[in-house]
Each structure stands twice: as structure tokens, then as C-alpha cells.
Amino acid sequence: MGRITLDQVTKSFGEVNVIPPLDLTIEDGEFVVFVGPSGCGKSTLLRLIAGLEDVSSGQIRIDGEDATDKRPADRGLAMVFQSYALYPHMSVRKNIAFPMKMAGVPEDEQKRRIDGAAAALNLTDYLDRRPGQLSGGQRQRVAIGRAIVREPQAFLFDEPLSNLDAALRVGMRLEISELHKRLATTMIYVTHDQVEAMTMADKIVVLRAGYIEQVGTPLELYRTPRNRFVAGFIGSPRMNFIEGETAAAKGAFAVGVRPEHIAASTESGTWQGKVGVAEHLGSDTFLHVHDTGLADVLTVRVDGELPVRHGDRIFLTPEEDKIHRFDAEGHRL
Amino acid sequence: MATQHSRAAARLMISPAVLLLLGWMLIPLAMTIYFSFLRYNLLMPGMEEFTGWTNYRFFLTDPAFKAALINTLLLVGGVLLITSVGGVLLALLLDQPFWGQGVVRIMVIAPFFVMPTVSALVWKNMFMNPVNGLFGHFAQSLGLAPFDFLSQAPLASIIGIVSWQWLPFATLILLTALQSLDQEQLEAAEMDGAGPLSRFFYIMLPHLARAITVVILIQTIFLLSIFAEIFVTTSGGPGTASTNLTFLIFLETPAALRRGHGLGRGRGRDHPGQHRRDLPDADDRQEPGRVRMTRGAANRPQIRSARADRTGAPPAAAHASGGRIWRKMKVGEE
Ligand SMILES: Nc1ncnc2c1ncn2[C@@H]1O[C@H](COP(=O)(O)OP(=O)(O)OP(=O)(O)O)[C@@H](O)[C@H]1O
Ligand SMILES: [Mg+2]
């Protein structure tokens with residue numbers, strides 16, 4: 001159905017080489033998330049798959065069939081854009097019907113699919129409105145509806161939630177995940193929000209400057225990051241990195257330990273430092289600990305009720321078996 | 001923001017501007033309407049009298065009125081059609097990335113900066129003139145007889161000239177509108193399976209609708225009052241073939257009468273304006289269909305005669321042909 005294979009795909013804009021040779025396989029029905037810092041080529045990669053950009057070299061296969069030179073419409077993919085890209089002069093109904101109209105789907109079939117999509121996405125009451133009269137979340141749903149009715153082999157999402165407020169984002173995140181469970185269609189999802197990546201993905205692809213740093217399930221990336229970049233990128237708050245003597249004692253150039261793998265105490269521990277900013281989330285508190293002699297600042301997750309104040313002395317103890325070790329090039333040891 | 005209080009304040013603030021504007025517009029308008037019911041003769045100031053609808057009847061019953069009305073509609077409609085369709089196509093073309101885009105865009109706008117009088121003269125003498133014009137040469141090089149645009153298709157020629165002037169305006173506005181179209185919409189449409197034509201009709205054209213309306217509204221205002229182009233090319237002729245309402249009004253004025261225009265009375269040939277060479281003389285305008293081989297003295301009798309009067313050197317054939325046409329035209333009336 002929707003197996004997508006990239007084979008030595010490259011892309012350059014003039015002199016600028018954005019994607020160096022890249023291999024990637026996306027299995028049928030998988031929810032794959034591309035993450036990476038801004039400008040690393042996530043959108044470009046997605047647009048290459050969509051056919052909105054031509055590859056400079058290499059091959060893209062969809063379902064085993066060479067799609068490198070196929071037009072976007074012939075690839076059987078549907079895309080949801082960051083700006084939604086709804087047609088402002090058409091009603092919601094016409095927006096959703098547009099791809100079917102272009103494909104020559106019969107009227108009654110069109111109506112059936114529109115009603116189905118509208119019911120699934122809670123859009124039934126808004127079918128006759130214009131996109132301009134909808135809220136951000138509703139527009140997002142229309143864009144998804146427009147993608148669904150095409151019954152594509154795969155959905156492509158380019159940061160679809162970045163224009164929504166936090167609460168709505170959580171809601172839409174769930175809706176998209178549920179949609180994926182229900183349709184079981186391949187989905188490729190671009191984001192730079194690693195919470196979205198961790199919660200939604202079957203498989204995460206971490207990109208940096210066009211290179212794939214690591215591919216794996218969210219927990220694989222969390223537990224065994226292949227290098228310092230992935231280790232720092234996946235997980236929130238960021239992993240703490242400690243260089244120097246402490247690392248050398250463990251036979252590494254640098255060691256990393258996640259904030260949630262450090263125990264804090266006001267009485268005793270391996271390391272000690274002074275409490276800086278404390279971010280209270282209620283359930284947890286993130287403490288920024290200074291003057292440890294290990295790194296500028298260590299972030300520690302502690303229980304929400306731990307009674308510490310700014311400037312207090314605090315003792316830290318890392319969980320030895322959850323310490324990651326890296327060599328000078330940043331590779332995992 | 002929009003509380004009762006702030007709205008009242010806003011009204012107070014803008015009221016001077018509104019009052020000024022009202023005065024600026026309403027007083028002249030009221031005066032115009034007032035004068036339109038007077039018999040007002042500039043030669044006899046102070047003798048105005050109320051005449052009711054006479055001025056209106058006089059104008060509306062003018063035999064040329066209906067023709068002028070139709071010509072006006074054709075002129076405005078034709079130019080609007082050409083400029084909006086052509087403008088959209090040109091804008092689409094200029095929106096494509098190509099080498100030298102910036103320079104080409106500036107050049108496309110150039111006609112808009114040429115004064116109407118000048119551009120009309122250029123078209124008349126350098127392009128449409130059957131003897132000296134480029135089109136004539138081109139026709140001849142193909143072995144065809146040159147077409148005398150301004151005599152045989154006067155209105156269409158003027159529509160062409162005016163369209164040439166206004167096409168840049170339409171192109172510019174439409175190009176700007178086109179560039180403001182969200183590229184993602186086009187990409188979405190492309191992914192939705194819309195080909196170039198569907199993308200144009202379903203996405204671009206609706207997006208351009210407002211800009212096209214603006215182009216049509218603004219152009220209509222200016223096109224209704226086209227004058228210079230007619231004045232220097234056909235002078236409304238042959239007959240009334242290219243007279244629009246604006247030009248018809250001009251023909252009713254003393255200035256036109258003294259210049260000896262076709263529908264005027266053919267008096268007062270010594271209007272100072274005629275000393276300027278560029279102004280077309282009556283003969284130029286009033287000889288429909290005649291392809292002139294030379295533009296010698298005989299073609300400019302009035303200018304010659306006027307000059308002669310001043311310099312004291314009597315021109316030979318000038319007076320002989322000077323008012324010929326007028327006499328022809330006026331036979332019935334005088
Ligand atoms: N049309 C283009 N011409 C030249 N360079 C481009 C073009 N499009 C993208 N790039 C460059 O390619 C690189 C990758 O861009 P891309 O849009 O894929 O980044 P991204 O990972 O999606 O970033 P973000 O998270 O900010 O959306 C960037 O450095 C960008 O400057
Ligand atoms: Mg992007």
C-alpha cells in the first residue's frame with residue numbers, strides 16, 4: 001500500500017546542498033516523524049517525497065514503483081500544510097470536494113465521502129462556511145478532511161499544529177493519532193516539537209543538516225541515542241552533559257545524564273551545587289543547579305513537593321546505569 | 001477600542017476632513033447643476049437667464065449624441081476587455097522566473113509614463129500612418145495594401161492606442177495581486193490533482209477577482225473621459241465614427257467652434273492654437289479614407305495661412321483648400 005523508499009536521494013538549491021545522499025524506508029502504515037532543528041531540511045525532504053520539489057539525484061519509490069518523475073497528483077499522497085493552504089473563496093464543502101472534483105469522482109460518491117470526513121472531524125456544522133470564518137483548529141480539520149477524502153496511500157504533514165495554541169495542539173495531536181489508528185495509512189509528520197515526535201511516532205527520524213542522525217522508535221532514541229546530538233535533542237528537559245574528570249573517570253570524553261535520572265536531596269549525594277531557577281509544574285519541579293563544578297548548569301527533575309528555594313545547597317546523585325557515555329566525536333560508547 | 005466614547009471622539013476628529021471634502025465636492029457639483037439650467041454665454045457675461053431643460057434637450061437631441069454614447073460604451077468596454085484579459089496574461093507571464101525579469105517589468109510599465117497626446121501621435125504617425133507607418137511598411141513588405149487604420153477603423157484604432165496605454169496599469173496591479181497569492185495554495189491544488197488550467201481558473205482567478213474589479217473601476221473613470229487620443233488622431237471622425245461623449249461635449253464648445261471642428265460651425269479659423277504645428281488641422285481629420293501621399297503645404301492650409309498672416313508672405317494654395325471640407329459639411333446646415 002504505502003511503502004515509501006528513498007534511495008540515495010539528494011537535493012541542492014543551486015550551490016547549496018541541502019540533502020546529502022540519503023536512504024530511508026518508511027513501512028506501510030507507519031507513523032514516521034521527522035524531527036530536527038530549524039533549517040535541517042525536514043520540509044525539503046517532505047516536499048521531495050510529495051513531488052513539490054525535484055530530487056537532484058537518487059530515486060523515490062512508492063509501493064515499489066519508481067515515483068521520482070511522477071507529478072505530485074499522481075503519487076497518491078495527500079499533504080497538510082503548515083498554513084493549511086485552504087482555498088479562501090470556496091466553502092468548506094467545496095474545499096473538501098476539490099481533490100475529488102479534480103479526480104472526477106462521481107457526485108454521490110463525493111457527497112458520501114464529504115459527509116464521512118465531516119462526521120469524523122466534527123465539521124458537519126461548518127460545511128457551508130468559508131475558511132475565513134473558522135477558527136485555527138477548525139481550519140486544520142478542514143485541511144485534514146481535504147486530505148482524507150482522497151484516500152491517499154500516505155499522508156504528509158508539515159508542522160500542522162505549529163499555528164495552534166497549546167491546548168488545541170494537544171487535542172489535535174490526539175485526533176491525528178486516532179486518525180492514524182483508524183485509517184492505518186502511512187503518515188509522515190514533520191515537526192520540531194519533540195513532545196509531538198515522542199507521543200505520536202512509531203518511528204522517529206532525527207535529521208541534522210540533511211543527514212539522518214538516527215532512526216528508531218521513540219523509546220529506542222530515548223534509551224540508546226546513537227550520539228550526543230540525538231541524546232540532546234530527544235527528551236525534555238535536555239540531557240545534561242558533563243565533560244572533564246568526571247567523564248574521564250568513566251572512560252569517556254563526555255557523559256550524559258537525563259534530568260529525570262538524577263536524585264536530589266538536601267542532605268547528602270555524589271555531587272553538590274546551589275539551586276538557581278526552579279520551574280514548578282505542579283507534579284514535578286525542574287531545578288537548575290549551579291556551581292557543581294561539573295557543568296555550567298545541571299537540570300534535575302525533582303518531586304513537586306521538595307522544599308527548596310533559590311540559593312539553597314542541594315545534593316545530587318545520578319543513577320549509574322542510566323548514564324550515557326560519548327567519545328570526543330560525540331559517538332555513543 | 002470601539003467603545004461609545006472612542007467612536008464619538010473619532011467622529012469629532014474626522015469631522016473637519018469630512019466637512020472640507022463635502023464642501024470640495026458638493027459645491028462644485030451643485031454649481032454645475034445650477035449652471036446647467038442657465039443660458040450662460042461667455043461672450044455676454046451678466047446676461048444669464050434660466051432656461052429650464054433647454055441645455056439638456058440641446059445636447060440629448062444632438063444627432064451625434066446616440067453615436068457618441070455607443071462609441072463611448074464601445075471604447076470603454078473594448079479597452080476594459082483588452083486590458084483586463086491582456087493584463088492577466090501578461091501578469092502570469094511576468095510572474096514566471098526568467099532572466100532579466102526586473103528590467104522587463106520596468107519596461108512593461110513604461111507606456112504608462114508616456115503622455116496620452118504623445119503616445120497617440122506616435123501611434124498615428126509612426127505606426128498607423130499608411131505611408132510612413134511601420135504597419136504600412138510591414139503590409140507592403142508582405143505585398144498587401146497598407147491599411148489606413150485611423151480612417152477605416154477609427155474607433156478600433158483608438159481602442160488599440162488606449163489599450164496600449166492602460167495595459168501596463170492593469171498588468172502592474174494584477175501582477176502585484178498574483179504575487180500575493182499564497183504559494184502553498186497552488187501547491188495544495190497541485191497535490192489535489194489540479195492541472196495548470198484548473199489552477200488558473202479555480203485558484204488564481206478567484207484570487208485576482210478583487211484586483212480585476214479595482215482595475216475595471218479605476219480604468220472606467222479615466223476611460224469615460226478619453227479625449228486627447230481622439231483629439232490628436234481622428235478628431236472624432238470620420239463623421240462621428242470615433243466621437244465619444246467627452247469629445248462631443250468639446251465639439252459643442254466655443255473653442256471647438258473657433259477651431260472649426262466638424263460638428264461646430266466652421267468659423268474663426270485664426271485660433272491661436274493653430275500656430276502650433278503639432279495640432280491636427282481640420283483637413284487632416286475630416287477626409288475619411290483618403291490616403292495622403294505627401295504632407296505638404298496643401299495639407300496644412302490653416303497653419304500656413306495663419307503664419308502667412310503674421311509673416312506677410314502669402315501662401316499659394318492655402319486659402320483655396322482651407323475650408324473646403326467645412327463647406328462640404330456645412331452645406332446642409334448653413
Ligand atoms: N527554495 C530554496 N532555495 C534555496 N535554499 C532553500 C530553499 N528551500 C529551502 N532552502 C534551504 O534548505 C534548508 C532546509 O530548509 P527546510 O525548509 O527543509 O528546513 P526545515 O527543516 O523545514 O526547517 P523549519 O523547521 O524551520 O521549517 C535551509 O537551510 C533553507 O535555507
Ligand atoms: Mg519546515
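The values are calculated or read from the model by the stated rules, or taken from the named source; none is laboratory data. The structure displayed is predicted, hence computed values, not measured ones. Cβ coordinates were reconstructed from backbone atoms using ideal geometry, including for glycine residues, and neighbour counts include every protein chain displayed. Just the protein is used for accessible areas: all its heavy atoms, side chains included, with ligands, DNA and RNA removed. Shrake-Rupley method; radii C 1.70, N 1.55, O 1.52, S 1.80 Å.
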Rounded to the nearest 10 Å², the accessible area of B:LEU43 at probe 1.4 Å: 150
Within straight-line cross-link reach of A:LYS322, lysines at Cα separation under 18 Å, skipping those fewer than 8 residues along the same chain: A:LYS250
Taking a 1.4 Å probe, which of A:THR199, A:THR217 shows the most accessible area, and what order do the others take after it? A:THR199, A:THR217
Given R₀ = 30 Å, FRET efficiency for A:ASN122-B:LEU181 by Cβ-Cβ distance, to 0.05? 0.50
Give the accessible area for A:GLU305 in Å² (nearest 10); use a 1.4 Å probe, count only protein heavy atoms, and leave out ligands, DNA and RNA. 150
Can you give me the P(r) profile for the protein assembly as shown? Cα pairs, bins 10 angstrom wide beginning at 0, each as a whole percent. 3, 11, 14, 14, 13, 12, 10, 8, 6, 5, 3, 1, 0
Beyond a 27 Å Cα-Cα separation, which of these cross-linked pairs lie in this structure: A:LYS42/A:LYS94; A:LYS42/A:LYS181; A:LYS11/A:LYS94? A:LYS42/A:LYS94; A:LYS11/A:LYS94
Run the 1.4 Å probe and let me know the accessible area of B:LEU172, rounded to the nearest 10 Å². 80
Any number yet on Rg/Rh for the range B:30-95, C-alpha, Kirkwood? 1.32
So what is the accessible area of the range A:238-326 per residue, in Å², with the probe set to 1.4 Å? 53
With a ≥ b ≥ c the root eigenvalues of the C-alpha gyration tensor of the range B:11-163, is it rounded (a/c under 1.5), prolate (a/b larger than b/c) or oblate? oblate
Decide, for the range A:117-190, between rounded, prolate and oblate: order the square roots of the alpha carbon gyration tensor eigenvalues as a ≥ b ≥ c, take rounded if a/c falls under 1.5, and otherwise choose prolate if a/b is larger than b/c, else oblate. oblate
What total accessible surface area, summed over both chains, is buried at the interface between chains B and A, computed with a 1.4 Å probe and given in Å² to the nearest 100? 1700
The correct ranking of A:LYS274, A:LYS250 by accessible area at 1.4 Å, largest first, is A:LYS274, A:LYS250
Obtain the nm distance between the two label points defined at B:ASN41 and B:THR61 by a simple spin-label model: each point lies 7 Å from its Cα along the Cα-to-C-beta direction. 1.9
Roughly what % of Cα-Cα distances in the range A:1-76 sit above 18 Å, to the whole percent? 36
DSSP bridge pairs, the protein assembly as shown: antiparallel proportion in percent, nearest 5: 75
Spin-label model distance (nm) - A:ALA103 vs A:ALA328, 7 Å beyond Cα toward Cβ: 5.7
Can you tell me the convex hull volume per residue for the range A:4-231, based on C-alpha atoms, in Å³ to the nearest whole number? 126
Given the candidates A:ILE242, A:ALA97, A:TYR84, the one whose Cα lies deepest towards the positive end of the charge dipole of chain A, counting +1 at each Lys or Arg C-beta and -1 at each Asp or Glu C-beta, is A:ALA97
The range A:48-86: which residues show an accessible-area loss of 20 Å² or more, assembly versus chain alone, 1.4 Å probe? A:LEU52, A:PRO72, A:ALA73, A:PHE81, A:SER83, A:ALA85
